[in-house]
Every structure is written in structure tokens, then in C-alpha cells.
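Structure record follows, encoded as C-alpha cells.
The values are calculated or read from the model by the stated rules, or taken from the named source; none is laboratory data. Predicted model, so just to flag it, every value in this text is computed and none were measured. When we count neighbours, we look across all protein chains shown, and the Cβ atoms used for this are built from the backbone with ideal geometry, even at glycine.
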Amino acid sequence: MIAFEKYVLDNGLRVILHQDESSPMAVVNVAYDVGSRDEEVEKTGFAHLFEHLMFGGSANIPDFDTPIQMAGGENNAFTNCDMTNFYNILPAENIETALWLESDRMMKLDFSSKSLATQQKVVIEEFKETCLNQPYGDMWHHLSDMAYKEHSYRWPTIGLVPEHIQNAKLGDVEAFFYRYYRPNNAVLVVVGNIQISDVKSQINKYFSDIPAGIELKRSLPVETKQSQFRSKIIEAAVPLPSIIMAFGMCNRLNDDYYAVDLLSDILANGRSSRFFVNIYKKSICSTIDAFISGTFDPGLFVVEARPMPGVSIDQTREVIWNELNEIKAKGVQSEELEKIRNKTESSLVYSEVSILHKAMNLAYYEILGDAEMINIQSQKYQNVTAEDIKRVANEILSQEQCNEIIYLPK
């Protein structure tokens, strides 16, 4: 159980404080309720661009990294479909430095043509390196476009095309910032060896005078349930053939999420998983995996495999469907389910050891709906039954709900 204090400033900033005296360090984490799903189809990649722009200088601080490093800390960030997260790890006695830095860039970024041009170049190079020049690097571009026809998950976080970032104007960027990167659209979490009263005073000093933004009401298109098999063959500069199957699944707040997550683990998590024992160990595939996207809105259950030399795509597809149909028909044994539930329990307990993980998880669950959800995850997984696993497998793992991509070497 993680005990924390939560309150809201007058400008709407949600604050979560958790004291952990086991470490001399502290984490200052700021999460913004904005991701690539909030972008316009003609202006994609903006949330990811902002992950970079937020380090490009703010109203009173030209260089974000140097003050953190001088305070004995480090910082980083990530963006996904649903949220953007910035974190700072530093000695607990120096957290005021991180609060000062985060408040200044929440107040106002350095909106200059030079800063924008620099970060545009960085993001475009990242796009080329990770998506265009890397084998299978464009998988999520193809898969997102195939699996989603209405929802804004139909493009990946990095953006639909690099031209959307290249053509971004300073006015577009500034408007995006003042819409989404405001205190009433953010969660500030401080975790570590802190004095709660002192931190409250510092937070009030640095964040209370930042103006709130407009009230945001997200209204995204609801994806129609897929009813027909979709497939695509891609000839590309890849070393080996590959087959990817994606099936629509529930959203993150649905109780079935936990059963679907465990289903993916039963199939592909560890050396006793079904894919490992029945496919990998028999030298049918060089790699095979099953995972879920875990997105806030309805996501994807993905199976990805690369057959061994001499094994065809058709053979690979057949053995994968054999395993999927087996679990749909016969479900799972109680011992198998208990083992994977215990493995999940261990992962959750381990994640609570790290102050960084605790800070990010508290922010994540607050953005998702309520930080208190952090304390019920273990029970949610323990409540999953063998009947739940079989039911969700039959609901999602069907031919008509499958999106299949095949990569073939040129």
C-alpha cells in the first residue's frame, strides 16, 4: 500500500506527495494529459515534438539540463499516445531546483524560431533513424493505420509523416502549448525523503501563480468494432520475413484489461510460456512475442513472430493460430494461471521499490482517472479467473478481428 497526500491548487494543478525515507533521493515528476491521440490528422507528432521542445529553454532558463546536473540530478521524459511525462531524480535536499525548473517551463517556453528549428531537426532525424532506416521500424505506421479507421490512434506517437514536424509553424507550436501544457491539465508528483510541509510551501511558491488554461473536454471518435480480416504484405529491406497480428481489445479502465494482459503473458512471458515451449523451442521461430498496447482508449493485442530459415510464413501463421485456438477451446490450467499471477504480483511489488517508478505510476494513474488505483492493481490481477482468460480469448482472438502484416525481404 502506497500512502500519499493529494490536493489541487487553485489553478487546477493536481499535486501528489509521497514520503519515502528509504532513499536519500527524491523524484519530481510532471505528467501532462496530452498524447498523440490529441493531435490533428494534418499536424501529427506535436506531442512528441514538445517532449523535445520542453528541454529547449523556458522564460527564465535557457538551459534545462545544467541546473539539474549541478544539483546532483538527472532528468528525462517520454511521450505516448495518451500522455507526456517529465521526471527529475536528484538528492532530496535539492528538489527546489527541480520545482523551479518545471514551473518555469510550465509558465512559458522559449518560443523562438531557433529553438523550434533545432528540435525539428532532432525529431526528424529520430523519425528517419527509428522508422525509415531501421528494419521493421515502420511497423506501427502500418499497423495503426490498418487497425484504426476512426480513432486518432491511427498514427504513431512520432507522427504520421516527418513533413508534419518539418512544416510546423511557431504559431502552431505556441497554440498547442497553451492548450495542453497548463497546470489544470497536469499532475505534479514528488516522491522521496521529503518533508511534506516544506514541499507544499515550495510548490505553492513556484506553481500557484501559473495561469490555468481553458477547460479541456476530450471527445475522440469511437472506433467501430472490426468485422472483417485485414492484411497487408510489405516488401522491405528487412533481414528476415516477419508476421504481425493485431486484434482489437478493451480500454485500460475496463476490468477485462487484466485478463487480456495475463493472456498475453501466458502466451509469451518467460521460458514456460506457450509460445516459447511450443514454437520457439521447436525452432519454428527465431523470435515470437505477444503483448498489449495498454492504451487508455481501446487498444491492441499484438502477436509478432519471425520464422526460422526454411520455415514459411504460412507454417508460422498456422502454429500461431493453433496456440490461439487451443487457449480459446480449452482455456488455462489453474496452476498455469496461478504462476503467471504470482509473476505479475512480483513485478508490481518490485516496481514499488523504486521511487522513480512510484512517482511515474502515481502520475499515470491520476491521469488515467485516480492515483488511488495504484493500490488495487494487484487485487485486480488476483481476481482474474481461468474462465475470464478463456472468455476474453474468444472475444478478441478471431479471424475477422485480425489485422495481419507480413514483411518480406526485398
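The set of residues in the stretch 137-153 being out of contact with any Leu (no Cβ under 8 Å at 6 or more places or on another chain), outside any loop (DSSP other than H, G, I, E, B) and touching a residue at least 24 places away in the same chain (Cβ under 8 Å) consists of Met139, His142, Met146, Tyr153. Ala168 falls short on exactly one of the conditions (1) within 30 Å of Phe247 (Cα to Cα); (2) out of contact with any strand residue (DSSP E or B) (no Cβ under 6 Å at 6 or more places or on another chain); (3) not in a helix (DSSP H, G or I); (4) not aromatic (Phe, Trp, Tyr), and that condition is (1).
Of the residues screened, Met107 is not one that is within 26 Å of the chain's Cα centre (by Cα), of a type in the set (A, V, I, L, M, F, W, C) and buried (at least 21 other Cβ atoms within 10 Å of the Cβ). State whether one or more residues within the stretch 127-136 are more than 14 Å from Gly45 (Cβ to Cβ), surrounded by 13 or more Cβ atoms within 10 Å (Cβ to Cβ) and free of Cβ contacts under 8 Å to residues at least 60 places away in the same chain. Yes, some residue in the stretch 127-136 is more than 14 Å from Gly45 (Cβ to Cβ), surrounded by 13 or more Cβ atoms within 10 Å (Cβ to Cβ) and free of Cβ contacts under 8 Å to residues at least 60 places away in the same chain.
How about the stretch 88-115: which of its residues are at pLDDT 95 or above and among the small types (Gly, Ala, Ser)? Hits for the stretch 88-115 are Ala92, Ala98, Ser103. Tally up the residues in the stretch 57-72 that are of a type outside the set (A, V, I, L, M) and either at pLDDT 95 or above or assigned to a helix (DSSP H, G or I) (or both), please. Qualifying residue count for the region: 5. Residue-level analysis places Thr44 among those that are at pLDDT 95 or above, among the hydroxyl-bearing types (Ser, Thr, Tyr), assigned by TED's automatic domain parsing to the domain that holds Val173 and over 17 Å from Arg182 (Cα atoms). Residues of the stretch 219-231 being in contact with a helix residue (DSSP H, G or I) (Cβ under 7 Å, 6 or more places away or on another chain) and either loosely packed, with under 10 Cβ neighbours inside 10 Å or not hydrophobic (A, V, I, L, M, F, W, C) (or both), which ones? Result: Gln226, Ser227, Gln228, Arg230. Taken over the stretch 348-378, the criterion of being within 17 Å of the chain's Cα centre (by Cα) and of a type in the set (Gly, Ala, Ser) is satisfied by Ser351, Ala359, Ala363, Gly369, Ala371. Looking for whichever is assigned to a loop (DSSP other than H, G, I, E, B) and touching a strand residue (DSSP E or B) at 6+ places or on another chain (Cβ under 6 Å) here; the options are Ile158, Ile210, Ile194, Ile214. Which one fits? Result of the check over Ile158, Ile210, Ile194, Ile214: Ile194.
Here's the yes/no breakdown for (1) buried (at least 19 other Cβ atoms within 10 Å of the Cβ); (2) modelled with pLDDT of 95 or more; (3) under 23 Å from Asp82 (Cα atoms); (4) not hydroxyl-bearing (Ser, Thr, Tyr):
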site	(1), (2), (3), (4)
Ile243	yes, yes, no, yes
Ala246	yes, yes, yes, yes
Met249	yes, yes, yes, yes
Asp256	no, yes, yes, yes
Val260	yes, yes, yes, yes
Ile266	yes, yes, no, yes
Gly270	no, no, no, yes
Phe275	yes, yes, no, yes
Lys281	no, yes, no, yes
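Residues in the stretch 110-136 that are farther than 21 Å from Tyr32 by Cα and not in a helix (DSSP H, G or I) were compared, and the one that is farthest from the chain's Cα centre (by Cα) is Ser112. Residues in the stretch 13-35 that are in contact with a Pro (Cβ under 7 Å, 6 or more places away or on another chain) and not in a strand (DSSP E or B) were compared, and the one that is surrounded by the most Cβ atoms within 10 Å (Cβ to Cβ) is Leu13. Scanning the stretch 242-281 for residues that are part of a loop (DSSP other than H, G, I, E, B), over 18 Å from Lys149 (Cα atoms) and touching a Phe, Trp or Tyr at 6+ places or on another chain (Cβ under 6 Å) returns a single hit, Arg252.
The sole residue among Thr130, Thr97, Thr84 that is among the hydroxyl-bearing types (Ser, Thr, Tyr) and in contact with an Asp or Glu (Cβ under 7 Å, 6 or more places away or on another chain) is Thr84.
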